[in-house]
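Read through the structure below, which is laid out as structure tokens, and then see the notes.
Coordinate-derived values only; no laboratory data. Being a predicted model, the structure only gives us computed values, none of them experimental. Methodologically, a virtual Cβ is constructed for each residue, glycine included, from the backbone with ideal geometry; neighbour enumeration extends over all protein chains shown.
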Amino acid sequence: MTIPTDEVASITFRRDTTLQGNKLLGWFFAIITVLLVLVVYAVSFAGQITDPDVDLVTVFMCFLVLGGLSTTYDYLNGEDYDIIVTDIRTDRGDSHVFTGRMKNTEFVEACRELAESDLETRNQNETLKTALGD
């Protein structure tokens, strides 16, 4: 996508950290997963050492446990996404929003070039000022 520079009214950079620090969600899914394991054990295996009652519901709940373990791991040990949001407004009142990760060096370099250009830019985050060289 291209936007002619003579039509650009302003460019705003901001940082979106809503996908960071979801440890609380990780612990929530950990508790739910432990409860699922206890329910599966109590319903299908408790007191039935030689002949467990494994049916379709048990198999389905085991898949839920696996999904809960995966989700818990992602929230507790996964990557924190640090996002740059670039909002370009034109003279006609159009708004174009571009997002990219701070780890994406090409996107950060493109934002740096926009910030250093003659176009009116606003940076709404101190960390971005350092990363973009303002």
Original post:
How far is helix 56-77 tilted off the main Cα axis of the chain, in degrees rounded to 10, range 0 to 90?
Top reply: 40
Subject >> Viscosity 0.692 mPa s, temperature 37 °C, Stokes-Einstein D of the chain from Kirkwood C-alpha radius, µm²/s >> reply: 176
Original post:
Contour minus end-to-end for Glu113 and Ile31, with contour as 0.36 nm per residue of separation and end-to-end as the Cα-Cα distance?
Top reply: 24.9 nm
Subject >> Ellipsoid equivalent to the range 23-77 - semi-axes via the Cα gyration tensor, in Å >> reply: 25, 10, 7
Subject >> Residue range of the chain that is longest and free of GluC sites (Glu not before Pro) which are both DSSP loop and sparsely packed (at most 13 other C-beta within 10 Å) >> reply: 1-78
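What is the gain in length, in nm to one decimal, between Thr17 and Leu66 on full extension, counting 0.36 nm per residue of separation less the C-alpha to C-alpha distance? Don't skip to the end; give the middle numbers.
Working: separation 49, 0.36 × 49 = 17.64 nm, distance 2.80 nm.
Taking Thr17 through Leu66 to full extension adds about 14.8 nm, to one decimal.
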Original post:
In degrees between 0 and 90, to the nearest 10, how far off the longest principal axis of the chain does helix 105-116 point, with axes built from Cα atoms?
Top reply: 30
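Say R0 is 41 Å: what FRET efficiency, to the nearest 0.05, do Leu24 and Thr2 get from their beta-carbon distance?
Values: r = 42 Å, r/R0 = 1.01.
The value I calculate is 0.50.
Please identify every one of the trypsin sites (Lys or Arg not before Pro) in the range 1-98 that sits in a loop by DSSP and has no more than 16 other beta carbons within 10 Å of its own beta carbon.
On the way: sites: Arg14, Arg15, Lys23, Arg89, Arg92; in loops: Arg92.
Within the range 1-98, the qualifying trypsin sites (Lys or Arg not before Pro) (loop, at most 16 other Cβ atoms within 10 Å) are Arg92.
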Original post:
Between Glu106 and Val39, 0.36 nm times their residue separation minus their Cα-Cα distance comes to what?
Top reply: 19.3 nm
